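Presented below is the structure to which this report refers.
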């Protein structure tokens with residue numbers, strides 16, 4: 001029987017990347033910002049490597065800092081509702097101020113679309 005010569009170990013052609021980089025790529029994919037295919041092209045990493053990272057880092061992902069799409073949408077909706085409330089409150093204060101002073105300052109100092117909105121609110125309150 002013929003013995004085979006020992007072949008050297010396969011050399012790694014890949015580059016070393018940081019743990020944070022791996023997590024950021026996986027987060028981008030999981031949050032729907034980019035696809036696996038696009039990430040592979042963008043960062044010059046094979047799709048199989050990305051899939052491997054996903055598999056190995058799936059436990060860590062749940063603890064990561066970034067938000068999922070649903071959480072982000074929920075937060076944005078809450079902020080939107082809060083800003084609408086603030087806007088309505090400010091408009092009500094302007095209307096009350098104009099009633100007390102008798103001057104229509106909103107037409108002078110506010111943008112036209114806001115002044116018109118305040119005027120419509122005033123008309124509704126007077127009815």
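The values are calculated or read from the model by the stated rules, or taken from the named source; none is laboratory data. All figures in this text were calculated on a predicted structure; none of them were measured in a lab. Because the Cβ atoms are built from the backbone with ideal geometry, glycine has one as well, and the counts that use them run over all protein chains shown.
Side notes on the structure shown:
- Pairs where the first residue, in region 13-24, is modelled with pLDDT of 80 or more and the second is outside any helix (DSSP H, G or I), C-beta under 7 Å, 6+ apart: 23/64
- Boolean, residue 69 is surrounded by 13 or more Cβ atoms within 10 Å (Cβ to Cβ) and either at pLDDT below 90 or farther than 30 Å from residue 22 by Cβ (or both): no
- Within region 39-49, tally of residues that are more than 23 Å from residue 71 (Cβ to Cβ) and in a helix (DSSP H, G or I): 6
- Some residue of region 96-108 being more than 21 Å from residue 34 (Cα to Cα), out of contact with any helix residue (DSSP H, G or I) (no Cβ under 9 Å at 6 or more places or on another chain), surrounded by 11 or more Cβ atoms within 10 Å (Cβ to Cβ) and modelled with pLDDT of 90 or more: yes
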